[in-house]
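Written out below as structure tokens is the structure these notes cover.
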Amino acid sequence: MYDDVLFPFDGSDGAATALHHTAEIATWADATVHVLFVADTNRNSVSVVGDRAVDGLVGRGEEVVAEAAETLDTLGVDHDTDVVQGSPARTIVEYAERYGHDLIVTPTHGRTGLSRYLVGSVAEKVVRLATTPVLTARMQPDEQLTFPYERILLPTDGSDAATRAATHGIALAAALDATVHLCSVADDTSLGADVRSTVLEEAARETAETAVDDLAATAAEHGVEAVRHVDRGTPVEAIRDRIDDDDCHAVVMGTTGRRGTDRILLGSVAEKTVRSAPVPVITVGHEAERTE
């Protein structure tokens, strides 16, 4: 399923935990982990020692990747390391594309607040830009890093992006012999109590049921057990509740849905899920959707 996994690493405690999770995936997949440190060129880290210009971030990066290599050596995982300079998010995405990596694993702090919607973390920018599937793991106390995944949640709104991601999730479930939980949300939060709202609610539910049924048929073709769910409410809250109610170990979802370009200002459902889900989230993007 995965042969080459890119792991951008900064040496923090939370990132070290995610590194162990990455090692578990690599061991299962017999994959190579490529540990990458990006020295941020937006920060002035160059100083002069004697008559030499020394970049402190590059030096720190070499220490960080050496620590990761030591951990992976102990765990018996095939690996290599690299330290490069650049703008972190774009450099990570371009590095994965250049070397043909088939999964990026990146920790995210999962903080909240207005600045998160306007700027976003490096992890969220990677999610937005990447054509390579991205696994994000929050560095928070409630994060659950269980592997192998036994129950995988696949949210869908019937869009091409959601279907593409669900196909990836079904393939992962087949490889892991896991169950998929197919979830579509009839968002009724903006509807009133009049007749027109009732008609719209019924149409939303019918669309959600069709999306789930289509994915269930795909799962059956791959011999994957599927559990159907059609929920009501807001998509992010429904996804979070479904994770808790069904004890899902991971979420696989597309990076865009039907809301279009407002995702850049307000954050897409995928980005909000990355920020709040207590389990790893694998997002699957598409080259045509890349924008910053």
Which of the strands (runs of 3 or more DSSP E) found entirely inside region 115-233 contain at least 1 residues meeting this: among the charged types (D, E, K, R) and at pLDDT 85 or above? 151-155, 226-232
Residue count, region 140-162 (criterion: buried (at least 18 other Cβ atoms within 10 Å of the Cβ) and of a type in the set (Ser, Thr, Tyr)): 2
Which strands (runs of 3 or more DSSP E) does region 31-87 wholly contain that include 1 or more residues that are hydrophobic (A, V, I, L, M, F, W, C) and modelled with pLDDT of 80 or more? 32-40, 79-86
Need at least 1 residues that are open to solvent by 70 Å² or more (accessible area, probe 1.4 Å) and either under 18 Å from residue 158 (Cα atoms) or at pLDDT 90 or above (or both) per element, so show me which helices (runs of 4 or more DSSP H) inside region 234-292 make the cut, counting only ones lying wholly within it. 235-246
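The values are calculated or read from the model by the stated rules, or taken from the named source; none is laboratory data. Quick caveat, the model's predicted, so the values are computed rather than measured. Neighbour counts are summed over all protein chains in view; Cβ atoms, including those assigned to glycine, are modelled from backbone coordinates with ideal geometry. Quick note on the areas: whole protein, heavy atoms, side chains included, nothing else; ligands and nucleic acids left out. Shrake-Rupley method; radii C 1.70, N 1.55, O 1.52, S 1.80 Å.
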